[in-house]
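**Q** Sharing a structure here in structure tokens format.
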Amino acid sequence: MIVSRTPFRLPLGGGGTDLPAYYTEHGGFFISGAVDKYMHIVLNDRFEQGIRLSYSQTEIVDSIDLIRHPLVREALKLLNVNDKLEIVSLADIPAATGLGSSGSFTVGLLNALYARQRIVKTREQIAEIACDIAMNRLHEPSGKQDEYTASLGGIRSYEIDTRGNVTSKALNISDHTLSELEYVIMMFYTGITRRAGEVLRKQQANVSDGEAVEKMHRIKAIGLESKKALESGDIKRFGELLHEHWTVKRGITDNMTTDSVDQWYSVARENGALGGKLVGAGGGGFLMICCQEGREKVRTALTRLGLTETRFRFDFEGSKVIYNV
């Protein structure tokens with residue numbers, strides 16, 4: 001039996017510039033942190049013939065081609081896994097909530113499969129293979145943020161050149177700044193689930209528009225400014241940049257936000273929040289709020305409106321195999 005554990009991710013700046021429609025023309029830059037909410041993948045050799053999958057559904061098939069779960073199907077094809085295997089996924093957070101669950105799933109699955117075959121891959125290789133499955137094999141309208149953050153862990157900046165090559169560096173932030181960052185960021189589940197592809201497909205299509213490109217340029221610049229703010233310990237400035245990021249991003253497509261989300265965000269700002277945004281592609285999922293003063297007022301106000309707070313800390317281990325017997 002093999003068990004892998006892979007963190008979900010929290011975008012901290014520059015999100016969206018990891019999409020190929022943008023970075024192939026202009027290069028991308030983003031900051032992202034892994035958090036202590038995990039995807040666990042369990043592999044076990046089956047006594048019986050066939051492949052059994054257990055996620056939100058259960059599948060028992062005799063052939064890889066019959067697998068309905070696209071990420072599993074393509075990963076097994078890639079590694080030439082044919083038979084007598086059971087795969088179970090267990091997640092701390094539901095899918096379609098903006099925390100990059102699909103990327104974490106693929107990275108964790110690949111880590112477990114390579115461990116089963118006794119093949120060693122670097123974290124960067126795992127991330128890139130996971131990106132290849134989503135972007136090239138399945139033609140999903142996704143970027144590279146989710147897979148790289150899940151695989152590498154920590155709080156890191158990522159640069160993507162126009163050929164898609166990724167360079168990553170750990171942010172140089174003090175322990176005090178890290179503790180303060182974990183304190184000021186508040187995560188509220190909106191109860192709205194959405195498939196990222198719906199938003200990202202429209203966002204990528206709009207990037208060819210001149211006005212949308214200028215907005216993306218600004219988002220990348222905000223990402224660079226956010227890196228400076230975090231490394232200098234200026235949490236207040238980081239929160240203000242979150243607000244500017246959301247103000248710019250919500251104008252890129254008309255399905256980025258909803259009336260309810262706008263109301264919740266306004267209430268948070270009225271009660272002392274510096275800034276915030278919907279996590280991930282947009283449309284629903286988790287509302288991330290940055291608040292130095294008035295945290296209890298924000299918490300009370302949003303809870304009364306039906307939102308559920310989820311506490312978290314950053315993860316610095318990334319995806320790893322935690323059990324292999």
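**Q** If a residue counts only when it is touching a His at 6+ places or on another chain (Cβ under 8 Å) and open to solvent by less than 10 Å² (accessible area, probe 1.4 Å), which strands (runs of 3 or more DSSP E) contained entirely in the range 220-325 have at least 2 such residues?
**A** Correct list: 275-278.
**Q** For the range 12-100, please list each of the strands (runs of 3 or more DSSP E) lying entirely inside it that holds at least 2 residues being of a type in the set (D, E, K, R), more than 23 Å from S151 (Cβ to Cβ) and open to solvent by 10 Å² or more (accessible area, probe 1.4 Å).
**A** Fully inside the range 12-100 and qualifying: nothing.
**Q** Every residue in the range 101-132 that is open to solvent by 10 Å² or more (accessible area, probe 1.4 Å), part of a helix (DSSP H, G or I) and under 19 Å from M1 (Cα atoms), please.
**A** F105, N111, Y114, A115, R116
**Q** Please enumerate the residues belonging to the range 114-148 that are of a type in the set (S, T, Y) and more than 14 Å from T17 (Cβ to Cβ).
**A** Y114, T122
**Q** Return the residues of the range 133-149 that are open to solvent by 30 Å² or more (accessible area, probe 1.4 Å) and in a loop (DSSP other than H, G, I, E, B); say none if nothing qualifies.
**A** L138, H139, E140
The values are calculated or read from the model by the stated rules, or taken from the named source; none is laboratory data. Worth saying up front: this structure is predicted, and the values here are computed from it rather than measured. Counting neighbours? That spans all protein chains shown, and the Cβs are built from the backbone with ideal geometry, glycine included. SASA here: full protein model, heavy atoms, side chains in, ligands and nucleic acids out. Shrake-Rupley method; radii C 1.70, N 1.55, O 1.52, S 1.80 Å.
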